[in-house]
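The values are calculated or read from the model by the stated rules, or taken from the named source; none is laboratory data. A quick note: this is a predicted structure, and the numbers were derived from the prediction, not measured. Cβ placement follows ideal geometry from the backbone for every residue including glycine, while neighbour counts extend to all protein chains displayed. Heads up: the accessible areas ignore ligands, DNA and RNA and are worked out on the full protein's heavy atoms, side chains in. Shrake-Rupley method; radii C 1.70, N 1.55, O 1.52, S 1.80 Å.
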Amino acid sequence: MRCIDNIRELTDVLTHKKQGSGIGFVPTMGYLHEGHLSLVKRAREETDLVVMSIYVNPTQFGPNEDFDRYPRDLDRDKALAEEAGVDILFLPRTEEIYAGTASVTLHVTEGVHVMCGKKRPGHFDGVVTILTKLFHIVQPDHVYMGLKDAQQVAVVERLVKDYFFPLTIVRVPTMRESDGLAKSSRNVYLSTREREEAPVLQHSLQRARKAIQQGARSPEEVISLVRETIESGTSGVIDYIEVLSYPGLCPVEEWDGEIIVALAVQYEKARLIDNMIITVSEEDKHV
Ligand code: AMP
């Protein structure tokens, strides 16, 4: 695995190496876990050259968020990335990737007034800004993104479509701990007790899916069920629970097709998110 922190060197190397089934790209903020590595595995299976980036992107963090204390461990990340089969690890430097003033800015207008976007104004502007830079530098054929961050996937799919990026976004399912907790770099900030309680997030989503499969067709009913399950199982404070169409992220009117039940829970030092995408068909309620 080659580590590169310089844009010019990276583009030179990629020009020479690109071949066959093309470049698979896995953008991350590091502190790698098996969720990230599942994206690499998929990229490894489907493409010839796997590029991962590790960059804790300052523009997607709000002033009171955890940019400074976001967990970082580059040596460990390098070892894990190499073992997982990454060919090139790109480690952008802020002085270069954000060099100069931002004379042209990107602003997301749809799909950001719900879920995390509501509480994190500007977050997705930062996400599409860094990804636009990275997509132009790496010129991937396929970009591997986790459905754990389903809103991010939906927003980036819109970016790619609206601006004709010549790449596909590959949606990768959420990797979980054996008790159901979604793997996340932020899980290290849970106290022992919070960690024991946190699987209730996933359990609440499973209950929601079951209720929908049995015919529940009111977002309020599904939200109350999820709320009750979480409140009875953890001291974490619910930030939001939403039921929306996916990937449109609009209020559910037609209970047909894909919907997302998404939630965020604030613990003392970590805010956890989780979601479930459910394919609803009118037949479900007769099951
Ligand atoms: P992050 O480093 O948190 O920005 O995540 C980088 C990529 O890994 C994003 O596409 C995430 O959605 C994805 N990811 C994070 N956690 C998981 C997980 N538990 N399962 C699958 N993908 C994940």
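Check 115, 145, 175 and return the single one that is of a type outside the set (Ser, Thr, Tyr), farther than 20 Å from residue 40 by Cα and within 15 Å of the ligand (Cβ to nearest atom).
Details: 145 fails: farther than 20 Å from residue 40 by Cα; 175 fails: farther than 20 Å from residue 40 by Cα.
Answer to the selection: 115.
Does residue 44 satisfy the criteria of being more than 13 Å from the ligand (Cβ to nearest atom) and under 21 Å from the mean Cα position of the chain (by Cα)?
So residue 44 passes the test.
Condition test on residue 218, is it at pLDDT 95 or above and not assigned by TED's automatic domain parsing to the domain that holds residue 98? No; evaluated as a whole, the condition is false for this residue. Of the helices (runs of 4 or more DSSP H) contained entirely in segment 122-234, those carrying at least 1 residues that are touching a strand residue (DSSP E or B) at 6+ places or on another chain (Cβ under 9 Å) and open to solvent by less than 10 Å² (accessible area, probe 1.4 Å) fall at 123-138, 150-162, 200-213, 219-233.
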